[in-house]
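See structure below.
The values are calculated or read from the model by the stated rules, or taken from the named source; none is laboratory data. The model shown is predicted, which means the values in this text are computed figures rather than measured ones. As a convention, Cβ positions derive from the backbone with ideal geometry for all residues, glycine included, and neighbour counts pool all protein chains shown. Surface accessibility is based on the protein's heavy atoms, side chains included, excluding ligands, DNA and RNA. Shrake-Rupley method; radii C 1.70, N 1.55, O 1.52, S 1.80 Å.
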Amino acid sequence: MISNFFVLSPRGDTVIAKTYRSKSGVRAHERSHTEAFFRKVKFWDGVAPGTPGMDTTLGLGSGKMSSSSDGGGGGGEGGESSKESVKRFGDAPPVFVMPDGYSYMHVKRNGLIFGCATEKNVSPVVVIELLSKIAKVFKDYCGTLSEESIRKNFILLYELLDELLDYGYPQVTQTENLKAFVYNEPIVVTAVADTGKMINPKTASASAVHKPVINSVDVDGKKTSLSANQKNEIFVDILERLSVLFSNNGYVLNSTIDGCIQMKSYLAGNPQLRLALNEDLAIGRNGNTSYGGGVTVDDINFHDCVNLSEWEHGRTLSFHPPDGEFIALNYRMTGEFKTPFRIFPSIEEVEPNKLEISVHVRAEIPDNHFGANVSIEVPLPHSTTVATCNVVSTPGANGVSAEYVAQEKKLMWTLKKFPGCTEQTMRAKVTLSGPCTSQIRREIGPINMNFEIPMYNVSSLQVRYLRIAENMPGYTPYRWVRYVTQSSSYVCRL
C-alpha cells in the first residue's frame, strides 16, 4: 500500500522515518526524498514535476504545456495567464507526484507534516485517513503532539508503527486495541510546545487533556501512574467550522456548518456515560421540523461505540468511552443561520490609477462574546505599486493592525479581540502602475476572513447533561464542556 512513512518538523527536519518497501531493490537515502518533498510543499508553485512542462496537479489547470517558447496569436496572453496561475497557487494539495515516480500524500497536525509515499495506485482517501489515524494514536500515547514529544518518545512511536503497519498495510489502528502490544512507556513532556499557529487561551484545551492513555514516566525517569492522584475527568468539545460565502453587498449566498462533539475520558473503571442534547433537535430538512424553531441538522453520524436506543425519543446517547480522543458524533447544517460576522466591502475609483477600498465588518454575536485571532485578507492586483491603509476601530477591540504585504500583493488586517455587537472598518488607498481596467478590477479579492469564537456556537446545539449511567456512590467525576466556533472558509466576493 505505502512504501515509506515519515514525520517532518516545521523546519523540514525528519523526526521519524520508516521504509516498508523500495522500488526495484533500490533504497535511496531517506533524507533525499523527504527534503525534496518538503521543498515542494513549502514552495508550492502549482506544478507537479512528475511530467516535465506539464501541469499535473489534481483538478488544477487544464493540463496544457506551459513552455515559454509557445508562439502564435494570443501567446502573450497565454503566457500572462500561465504566470498568473503560478502566482495564485497557495498551499500544496495533499496528494501530488514527484520526479521519483512516487505519489506523495500528507496531512498537517500541529505544524508537523505526516507524510508517506507509494508507487501503487491506492485510494488517496484511504491513505489520508490512515495518516490522520497515526497522528491521533501518536497524540493519545504521547499526551501531546509536538516535535519535542515525538523526539523523546521515538522508541515508543517506532513500536507503535510496527503494530500499526505491516509491510505498508494498516493492521491495528485503534488506541485501545494497541495497548496489548505496546510495552514501552511514554515520557511526558511537561511544557506543551504548540508548533502550529497560536490560538486564544480560552479556546485552548485544558492541560489535563495532554496526559497519555497509558502509564508514563517524567523527564527524570520517575514513574507517574495514571491511578495515582488521578482525577476522574471527562472533556467534551463542541466544535463548529463555518463555510460562508457573501456577495459584494453583504448578503449570504451559501452557508454550511460542519460540527462535531469530541471527547476524551479519564474516568476510572470506564463507566457507561449518558449524553443528552437538545430535545427539539430534528434531523433532515423534509418539512417535519420541530415546533418553536428548534435546532435542525441536515445529517448526523455517530461513533461505533454509541448506543442509540434512547436517541429517537429522548435525544440521549449512551456509550462506554474508548481510550484517547474520539468524536462521538458529526453533524452538518446548511441553509440560513445567523452568521457571526457580516462583511460589507466597497471599491471606488478616484483616479484612473488610484482606488479606494473600504471593508466594513459587523460582529453579530452577543456582546458577552468576542472573536479571537481575527484576520482579514484582501488580495490586490499585481500592478499595485503602493497601498496605505488605516483602521477605524470601536472601543473594546485589542491588537488591531493593518498593513500592505508587498510580496504577496494583499492587505492584511488583524484583530486579537473583536467584541460582539461592534463594528470595525478598514480603508485603503491603492496606487496602480497603470489605469484600472476591468481585467485588473477582477484581480481584487475575494476577501478571506479567519477567526475563532470561544464558548459560542452558531447552531444552538447544546449539551443538556452528561452523567454516569449507573449510580456509583462516592464517584464524583469532573465534567468539562466547552464550545468553539471557527472559520473554515469565510469568503466575501468583490
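Among the residues of region 351-400, which ones are among the small types (G, A, S) and part of a loop (DSSP other than H, G, I, E, B)?
S383, S393, G396, A397, G399
Scanning for something more than 24 Å from G111 (Cβ to Cβ) and at pLDDT 90 or above, does region 201-219 turn up at least one residue?
No, that holds for no residue.
R464 passes all but one of (1) among the basic types (K, R); (2) part of a strand (DSSP E or B); (3) surrounded by 14 or more Cβ atoms within 10 Å (Cβ to Cβ); which number fails?
(3)
Kindly indicate the residue of region 5-61 that is of a type in the set (G, A, S) and exposed (fewer than 13 other Cβ atoms within 10 Å of the Cβ) and also modelled with the lowest pLDDT among those meeting that condition.
In this case the residue turns out to be G59.
Could you give every pair whose Cβ atoms fall below 7 Å, whose first residue belongs to region 452-467 and is at pLDDT 90 or above and of a type in the set (G, A, S), and whose second residue is part of a strand (DSSP E or B) and surrounded by 19 or more Cβ atoms within 10 Å (Cβ to Cβ), counting only separations of at least 6 or pairs across chains?
Note: pairs meeting the criteria are S459/E240; S459/I257; S459/G259; S459/M333.
I'd like to verify a number: residues in region 111-135 that are surrounded by 18 or more Cβ atoms within 10 Å (Cβ to Cβ) and touching a Ser or Thr at 6+ places or on another chain (Cβ under 9 Å), how many?
Counting residues in region 111-135 that are surrounded by 18 or more Cβ atoms within 10 Å (Cβ to Cβ) and touching a Ser or Thr at 6+ places or on another chain (Cβ under 9 Å) gives 10.
Scan region 368-400 for residues that are in contact with a Leu (Cβ under 8 Å, 6 or more places away or on another chain), free of Cβ contacts under 8 Å to residues at least 40 places away in the same chain and loosely packed, with under 14 Cβ neighbours inside 10 Å and report the count.
2
Look through E403, E348 and report the one residue that is without any contact (Cβ under 8 Å) to a residue 12 or more places away in the chain, open to solvent by 40 Å² or more (accessible area, probe 1.4 Å) and assigned to a strand (DSSP E or B).
It is E348.
Counting only residues that are at pLDDT below 90 and assigned to a strand (DSSP E or B), which one in region 314-333 is surrounded by the most Cβ atoms within 10 Å (Cβ to Cβ)?
Per the stated criteria, the residue is F326.
Quickly run through region 136-164 and pick out the residues that are in a helix (DSSP H, G or I) and open to solvent by less than 20 Å² (accessible area, probe 1.4 Å).
Result: V137, F138, D140, Y141, C142, S149, I150, L156, L157, L160, L161, L164.
Please list, ordered by first then second residue, the pairs with beta carbon atoms under 7 Å, 6 or more apart or interchain, first in region 424-449 and under 19 Å from E403 (Cβ atoms), second polar (S, T, N, Q) and assigned to a loop (DSSP other than H, G, I, E, B).
Q424/S393; Q424/T394; T431/N353; L432/N353; L432/S383
Does I300 count as touching a strand residue (DSSP E or B) at 6+ places or on another chain (Cβ under 6 Å), open to solvent by 10 Å² or more (accessible area, probe 1.4 Å) and in contact (Cβ under 8 Å) with a residue 12 or more places away in the chain?
Considered against the rule, which asks whether it is touching a strand residue (DSSP E or B) at 6+ places or on another chain (Cβ under 6 Å), open to solvent by 10 Å² or more (accessible area, probe 1.4 Å) and in contact (Cβ under 8 Å) with a residue 12 or more places away in the chain, I300 comes out as yes.
Suppose we filter T256, T289 for residues that are modelled with pLDDT of 90 or more, more than 24 Å from K139 (Cβ to Cβ) and either among the aliphatic types (A, V, I, L, M) or touching a strand residue (DSSP E or B) at 6+ places or on another chain (Cβ under 6 Å) (or both); which single one remains?
Just a single option satisfies the conditions, and that option is T256.
Please specify each residue of region 468-494 satisfying the condition of being modelled with pLDDT of 85 or more and open to solvent by less than 40 Å² (accessible area, probe 1.4 Å).
I468, Y483, V484, T485, S487, Y490, V491, C492
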